[in-house]
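Structure first, then comments.
Just so it is clear, none of the values below were taken in a lab; they were calculated from the coordinates. Quantities reported herein were computed from a predicted structural model and do not represent experimental measurements. Using ideal geometry, Cβ is built from the backbone for each residue, glycine included, and neighbour counts are taken over all protein chains shown.
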Amino acid sequence: MQSTDNLFVDVRSLRKWFQVKRTFAETMHSKEEKVVKAVDDISFKIPKGSVFVLAGESGSGKTTVARLILRAIEPDNGNVFFNGTDITKLNERELKAFRINAQMVHQDPYASIDPRMRIMEIVMEPLSVHKIGSKKEQEEKVFRALEEVRLEPAADIAYRYPHMLSGGQRQRVAIARALVLKPKFIVADEPVSMLDISVRAEILELMQSLQKKHDITYLYITHDLSTARYIGDQIAIMYLGKIAEMGPIDKVLLNPLHPYTQALIDAISEPDPGNLFKEKMVRIKTETGIERVSTGCNFYNRCPYAMDICKTEPKLIEIEDSHYVSCFLYPK
Amino acid sequence: MKDSLIIENLKSYYFTTVGAVKAVDNVSFSLKKGESVGIAGESACGKSTLGLSIMRMLQPPGKIVNGKIILHDTDILAMSEHEFTKKVRWKRIAMVFQGAMNALDPVYSIKDQLKEVLKYHGFPENEMQERIIEAVRQVGLDPSVIDRHPHELSGGMKQRIVIAMALILRPEFVIADEPTTALDVLVQAQIINLLKKLKKEGMTIMLITHDLAIISEIAEKIGIMYAGEIVEFGSAEQIYNEPKHPYTQALIAAIPRLKGEKKISYVKGTPPNLMNPPTGCRFYDRCPHAMDVCKQDPPSIKIKDGFVRCWLYEDSKKSQQ
């Protein structure tokens, strides 16, 4: 177990529930208010200088967790300790200072950078917002950031518009923009999922070398477990707002315990010509709607091993060293 | 075994105001009966244009400049537009377009949108309901979805509807362009199983994608496309186990895997501009084995079930593998 000295980000019992708007008819009939428990009692720890992968499909709550950690939205409950400080208690001025140290890289390199701004303006924007340095100093920082992400010659790239760059190059601009404030923590939300497979590794390698050079801690959000394996140290698998399984990435991927994790891994295709002759194993039942069980394990409806006890809430327990699972199948 | 599809010297260019973009530049390959094919390559290599050319659906300034496409003994490029629309498009060959699930009309029900396809192709009105339900069942959905609107369906369900749209006139050949991109991994697996089921029912599939891993689930034959050309074509065993072209080797090495060494590998550099492709081998400046002779167009060398376009194999001893 990690000592708290090394702990960089400590998330405790984070919660965010969203009210679902009722139709007029539903209000008239006094139907119960529906709530989407997007993030429901999430806790995890990220050691300094490591890469923590938060994995799950759409609707799992992983992007909401990212937004809560950066306080882009306010949590209903819970705490986020950043290098010992509880950032959920910071006031506006303190929050701004925190944000110099915690930046985000978004998924879509076509949407996250303004098409009407030149690269120079895009990467400079965080410096302007935080009023760091003179104009000349800011320009220099932009050139350094572009060189760091291997967008060269920086002097040429800086004056282009985004449409003049490829998807991979645009994503590097997004990373340069996240780097320019020299943050210690970067949240990367599906940073490579919109890029060709042949280019993904290049961005991952860039992220790794930046991490070594600047001692950056990453929260890496994705649904792609194979790619995550190359960069991640720890992983937490999220399902409908809760953590189903968590642990060192090799342990979880090679020995998946939770039926949901097992299903995710079965679904991945390896490049094997033998696949032609086999059907893909889909053990879990198809979800027919967004109806959720109100108590108990939220995987109950789709689980091939569902038992009566699963109607009560499972808890995350440690099964082997640092490997946790939330499932009544364990301990065996 | 008779060939079911032969593509010969296909060229499709986009004639822009600043020059011609040679998106498909002399592509040839053939498929035997029952063989499905995967066309793999990076973004903008011309693979979608290849699919659209087979459908004769290239929009101006795109134009098929040259070539033959022989589907069971008929050259479908030589036909008049009228005959192709009447007899071939959607009835013998259909396409699932990239991002089609987002192009479903939000204000019409699924039933109305499927009806529109049938109406356009002159399908008898009184048989429409039955055919619509059959198509929806074929893709594994409950017929009750036909009364829903697109926003009520999940991504995976919408993708199945778009596949149902392509199947509704019972074509023998379906082109699927990135059918699983943007879908969650569990849904991707279900779509892959659906494509496998359609293959069992006798359909031939052309799967266009940059994801070489999912191609292994569907294709007997694989074509690797680079900068408008097919640089290697062969059986799945050949491509995955004995890739010949350096680009194929690099693509295979770049596939992330769940097991094995955690060595990161990628293809450095970017593909050439298709408006002015370089003379000689187009992979020259990214190739780890580039030689002087590569400045000339590489020959197409026959290998077992396909071919490779690379000077490394020009030696007659090597080409006997």
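Observations
- Matching entry among A:Leu127, A:Leu179, A:Leu204 (being within 14 Å of another protein chain (Cβ to nearest Cβ) and either under 18 Å from the mean Cα position of the chain (by Cα) or of a type in the set (A, V, I, L, M) (or both)): A:Leu204
- Each residue in the range B:189-234 was checked for being among the charged types (D, E, K, R) and within 23 Å of B:Tyr284 (Cβ to Cβ), and 2 pass.
- Within the range A:183-201, considering residues that are surrounded by 23 or more Cβ atoms within 10 Å (Cβ to Cβ) and more than 9 Å from every other protein chain (Cβ to nearest Cβ), the one farthest from the chain's Cα centre (by Cα): A:Val192
- Search result, residues across the range A:213-229 that are of a type outside the set (A, V, I, L, M), assigned to a helix (DSSP H, G or I) and within 14 Å of chain B (Cβ to nearest Cβ): A:Ser226, A:Thr227, A:Arg229
- Residues that are free of Cβ contacts under 8 Å to residues at least 40 places away in the same chain and either of a type in the set (A, V, I, L, M, F, W, C) or touching a Ser or Thr at 6+ places or on another chain (Cβ under 9 Å) (or both), drawn from the range B:52-76: B:Arg56, B:Met57, B:Ile76
- In the range A:234-258, the residues that are assigned to a helix (DSSP H, G or I) and within 12 Å of chain B (Cβ to nearest Cβ): A:Ile249, A:Asp250, A:Val252, A:Leu253, A:Leu254
- Of all the listed residues (B:Leu167, B:Leu212, B:Leu183, B:Leu207), the sole one being in contact (Cβ under 8 Å) with a residue 12 or more places away in the chain, in contact with a Leu (Cβ under 8 Å, 6 or more places away or on another chain) and within 10 Å of another protein chain (Cβ to nearest Cβ) is B:Leu212.
- With respect to the conditions (1) in contact (Cβ under 8 Å) with a residue 24 or more places away in the chain; (2) out of contact with any Lys or Arg (no Cβ under 7 Å at 6 or more places or on another chain); (3) not in a helix (DSSP H, G or I), B:Met79 lacks only one, and its number is (1).
- Residue list for the range A:132-163, filter: within 14 Å of chain B (Cβ to nearest Cβ), within 27 Å of the chain's Cα centre (by Cα) and crowded, with 16+ Cβ neighbours inside 10 Å: A:Leu151
- Residue check for B:Ile205: in contact with a strand residue (DSSP E or B) (Cβ under 8 Å, 6 or more places away or on another chain) and crowded, with 23+ Cβ neighbours inside 10 Å: no
- Just one of (1) among the β-branched types (Val, Ile, Thr); (2) closer than 30 Å to B:Thr181 by Cβ; (3) loosely packed, with under 14 Cβ neighbours inside 10 Å fails for A:Val129. It is (2).
- Taking strands (runs of 3 or more DSSP E) as the structural unit, those lying wholly within the range A:5-74 and holding at least 2 residues that are without any contact (Cβ under 8 Å) to a residue 60 or more places away in the chain correspond to A:7-20, A:34-47.
- Whether a residue is more than 29 Å from A:Pro248 (Cβ to Cβ) and within 13 Å of chain B (Cβ to nearest Cβ) was assessed, and A:Ser166 passes this test.
Condition check ((1) within 23 Å of B:Glu8 (Cβ to Cβ); (2) within 12 Å of chain A (Cβ to nearest Cβ); (3) among the hydroxyl-bearing types (Ser, Thr, Tyr)) across all residues:
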position: B:Leu258; (1), (2), (3): no, yes, no
position: B:Thr270; (1), (2), (3): no, yes, yes
position: B:Cys281; (1), (2), (3): yes, no, no
position: B:Tyr284; (1), (2), (3): no, no, yes
position: B:Pro288; (1), (2), (3): no, no, no
position: B:Pro298; (1), (2), (3): yes, no, no
position: B:Ile301; (1), (2), (3): yes, no, no
position: B:Gly306; (1), (2), (3): yes, no, no
